[in-house]
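The values are calculated or read from the model by the stated rules, or taken from the named source; none is laboratory data. A quick note: this is a predicted structure, and the numbers were derived from the prediction, not measured. Every residue, glycine as well, gets a Cβ built from its backbone with ideal geometry; the counts of neighbours run over all protein chains shown. Ligands, DNA and RNA are excluded from the accessible area calculation, which covers all protein heavy atoms including side chains. Shrake-Rupley method; radii C 1.70, N 1.55, O 1.52, S 1.80 Å.
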Amino acid sequence: MNIVLLEPEMPANTGNIGRTCVATGTKLHLIEPLGYKLNDKLIKRAGLDYWDKLNVTVYSDYKDFLNRNPGAKIYMATTKGLHVYSDVEYEPDCFLMFGKESAGIPEEILLENQEQCVRIPMWGDIRSLNLSNSVSIVLYEALRQNGFERMTMTGELHHLQWKE
């Protein structure tokens, strides 16, 4: 699985998303310009001590991303999408793209990819969810559909034992 952030602006969101990527074995793709430096302490703080375990690639712009990932199946999360994110069948190697916090993915890109635009349903007239939360929602649906491949499915208590 792959998460793509198009021109992300807030380092704390990217740090949280990076931590989620490490926890799920997901690659993170960052498309410049970024609203921060990659060594920003807010990224590190949000990502805790996981940032060095993150598989991350940075691209100079959207065209560079497309050129370096030819044939990529890209789903674009947007409040303007015509399809609900849970109604899509995600491939194990697909790319889930999210736009910058203040504006989302540009409409020109959305229009070129209309059938791959997905939406998270929301109540009322709220503008959008937090970027990090949106990534988690869509990513975990895609992972669920693919059987949570290679993920740990049970937990262990630290001091006690589960009853059998």
Considering residues of region 55-76 that are in a loop (DSSP other than H, G, I, E, B) and more than 19 Å from Glu101 (Cα to Cα) only, the residue most open to solvent (accessible area, probe 1.4 Å): Pro70
Residue satisfying all of: in region 125-160; over 17 Å from Gly81 (Cα atoms) and acidic (Asp, Glu); most open to solvent (accessible area, probe 1.4 Å) among these: Glu156
Flag for Met122 being among the hydrophobic types (A, V, I, L, M, F, W, C) and either surrounded by 13 or more Cβ atoms within 10 Å (Cβ to Cβ) or more than 24 Å from Met10 (Cβ to Cβ) (or both): no
Residue tally, condition hydrophobic (A, V, I, L, M, F, W, C), in a helix (DSSP H, G or I) and buried (at least 22 other Cβ atoms within 10 Å of the Cβ), over region 1-17: 1
From the options Met151, Met97, residue that is among the aliphatic types (A, V, I, L, M) and at pLDDT below 95: Met151
Selection within region 37-53 - crowded, with 17+ Cβ neighbours inside 10 Å and at pLDDT 70 or above: Trp51
Some residue of region 93-112 being assigned to a loop (DSSP other than H, G, I, E, B), within 18 Å of Asn146 (Cβ to Cβ) and of a type in the set (Ser, Thr, Tyr): no
Which listed residue, of Thr79, Thr20, is in a loop (DSSP other than H, G, I, E, B), of a type in the set (Ser, Thr, Tyr) and in contact (Cβ under 8 Å) with a residue 40 or more places away in the chain: Thr79
Residues being at pLDDT 95 or above and basic (Lys, Arg) - total across region 118-148: 2
Flag for Asp93 being open to solvent by 70 Å² or more (accessible area, probe 1.4 Å), in contact with a strand residue (DSSP E or B) (Cβ under 8 Å, 6 or more places away or on another chain) and closer than 21 Å to Asn2 by Cβ: yes
Residue that is nearest to Val58 (Cα to Cα), among those in region 23-36 that are open to solvent by less than 40 Å² (accessible area, probe 1.4 Å) and part of a loop (DSSP other than H, G, I, E, B): Leu34
In region 78-110, the residues that are of a type in the set (Asp, Glu) and more than 14 Å from the chain's Cα centre (by Cα): Asp87, Glu89, Glu91, Glu107, Glu108
Inter-residue pairs, beta-carbon under 9 Å, first farther than 17 Å from Val138 by Cβ and surrounded by 11 or more Cβ atoms within 10 Å (Cβ to Cβ) and in region 98-114, second modelled with pLDDT under 95 and aliphatic (A, V, I, L, M), 6+ apart: Gln114/Leu82
Some residue of region 118-132 being assigned to a loop (DSSP other than H, G, I, E, B) and within 21 Å of Ala23 (Cα to Cα): yes
From Glu141, Glu149, residue being among the acidic types (Asp, Glu) and not in a loop (DSSP other than H, G, I, E, B): Glu141
